[in-house]
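First up is the structure itself, then whatever we jot down about it.
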Amino acid sequence: MQVVIQPDAEAIATLVADEIERLLRERPETVLGLATGSSPLAIYDELVRRHEAGRISFARSRAFMLDEYVGLPDDHPERYRNVIEREIAGRVDFAPGAVQGPDGNAEDIPAACAQYEAAIAGAGGVDLQILGIGSDGHIAFNEPGSSLASRTRIKTLTSQTRRDNARFFDGDVDAVPHHCLTQGLATIMSARHLVLVATGAGKAEAVHHLVEGPVSAMWPATVMQHHPRATVLLDAAAASRLQLGDYYREVFANKPAWQGL
Ligand code: F6R
């Protein structure tokens, strides 16, 4: 696992956007994995800037979302499909239908989950998966106790996650759905490069477990320790509980330029 500690979210966004730009130039059909929430917003803004400057095109690429709430009306602003449209998909040049997410309003939920897995596999898998981390250690919505071998399925959100996400629902925790569809941990682990972003002291405990703790379903993000190419980008506050912070800084400062992110 590569740990990169940067001054702020903008510096992190520049590094991630550099890598995505490199991928899109090398292979315009690159498949991206998109997260929602606050963590990727600076990355999306940077990608939009580069698109508007004519540096990158998403026209031949595809993208898969990590998760979706169950039961929000199609036009609800916090439905993840609408959030992704607002934050990135609708601001760049993805082809119609090129961005997909699990269908949280499907009548047959297990069938919708299986179809979503098949769609990801049919696209050849995800090349670069953007991730945030919950304060309880979830990635996507794989809450503590999730099977490390899980695939896309319905999950019940913890009250911690519903409290964390109430800020997107005018502070009303009762408005946050109880259920979601989420890619499983094994689904996420199939992506070729995992890029997790965390900023702020509220993520420090989860980051400590992710990077330096034992692998455990109690801190689901720790499964990433088994991934051959996982990059964790942090600001100083999110990195504040890491024992080997100085070592991670030294490794990154001396990294050969040809290695990329
Ligand atoms: C969202 C997702 C979640 C978030 C996590 C952190 O698609 O998969 O795992 O990444 O809850 O959320 P933020 O970034 O809002 O702190």
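The values are calculated or read from the model by the stated rules, or taken from the named source; none is laboratory data. Everything numeric here is computed off the predicted structure, so don't read it as measured data. Neighbour counts run over all protein chains shown; Cβ positions are idealised from the backbone, glycine included. Areas reflect the complete protein model, heavy atoms only, side chains present, ligands, DNA and RNA absent. Shrake-Rupley method; radii C 1.70, N 1.55, O 1.52, S 1.80 Å.
Probe radius 1.4 Å, ligands and nucleic acids ignored: give me the carbon and sulfur share of the accessible area of the chain as a rounded percent.
Values: 5800 of 11210 Å².
Carbon plus sulfur share of accessible area: 52 percent.
Could you give the size of the charge dipole of region 48-159 about its Cα centre, using +1 on the Cβ of each K and R and -1 on the Cβ of each D and E, expressed in debye and rounded to the nearest 20?
Details: 12 positive and 16 negative charges, 105 e Å.
So the dipole magnitude of region 48-159 works out to roughly 500 debye.
May I ask for the equivalent-ellipsoid semi-axes of region 144-261, computed as the square root of five times each C-alpha gyration tensor eigenvalue and listed largest first in whole Å?
Details: eigenvalues 155, 70, 34 Å².
That gives 28, 19, 13 Å for the three semi-axes.
How big is Rg to Rh over region 87-208, alpha-carbon atoms, Rh as the Kirkwood inverse-mean-distance radius?
Here Rg/Rh amounts to 0.96.
Using only C-alpha positions, report the orientation-averaged shadow area of the convex hull of region 43-119, nm², one decimal.
About 5.4 nm², averaged over all directions.
Taking 7 Å along the Cα-to-C-beta vector as the label spot, tell me the residue 41-residue 95 distance in nanometres, rounded to one decimal.
3.2 nm
Have a look at 17, 111, 230 and tell me which one the Gaussian network model of the chain (Cα, springs below 10 Å) gives the largest fluctuation.
Maximum among the listed residues: 111.
Divide, for the chain, the radius of gyration over alpha carbons by 2.2 N^0.38 Å, where N is the residue count.
The chain yields a ratio of 0.95.
Modelling each spin label as a point 7 Å along the Cα-to-Cβ direction, I'd like the residue 55/residue 76 distance in nm, to one decimal.
The answer from the label model is 3.7 nm.
Rolling a 1.4 angstrom probe over the protein heavy atoms, how many square angstrom per residue are accessible across the chain? List each step's numbers first, then the result.
Details: 11210 Å² over 261 residues.
In whole numbers, the chain has 43 Å² accessible per residue.
For n ≥ 4 DSSP H runs only, could you compute -39500 (n - 2.57) per run for the chain, divide by its residues and tell me the 222 nm figure to the nearest 500? Don't skip to the end; give the middle numbers.
Details: 8 runs with 82 residues, N = 261.
So the helix-based figure for the chain works out to -9500 deg cm²/dmol.
Leaving ligands, DNA and RNA out of it, rank 10, 19, 29, 87 by accessible area with a 1.4 Å probe, largest first. Before the final figure, lay out the partial values.
Details: 10 110, 19 5, 29 75, 87 50 Å².
I get 10, 29, 87, 19, largest accessible area first.
If you count, for each residue, the other Cβ atoms within 10 Å and average over each peptide, how do 182-190, 221-229 line up from highest to lowest? Show your work: numbers first, answer last.
Details: 182-190: 23.6, 221-229: 18.4.
Those peptides, ordered most packed to least, come out 182-190, 221-229.
Mind checking the alpha-carbon convex hull of region 88-151 and giving the volume per residue in Å³? Kindly include the intermediate steps, with their values, before the conclusion.
On the way: hull volume 9.1 nm³, N = 64.
Here the figure is 142 Å³ per residue.
How large is the accessible surface of residue 174 in square angstrom, using a 1.4 angstrom probe and rounding to the nearest 10?
130 Å²
Quick check: net charge around residue 1, other residues with Cβ under 12 Å of its Cβ, Lys/Arg +1 and Asp/Glu -1? Working shown, then result.
Working: positive: 229; negative: 212.
My count for the surroundings of residue 1 gives 0.
Assigning unit charges at the beta carbon (Lys, Arg +1; Asp, Glu -1) and nothing else, what dipole magnitude in debye, to the nearest 20, does the chain show about its Cα centre? Provide the component values of the computation, followed by the final result.
Numbers: 24 positive and 34 negative charges, 139 e Å.
Result for the chain is approximately 660 debye, rounded to the nearest 20.
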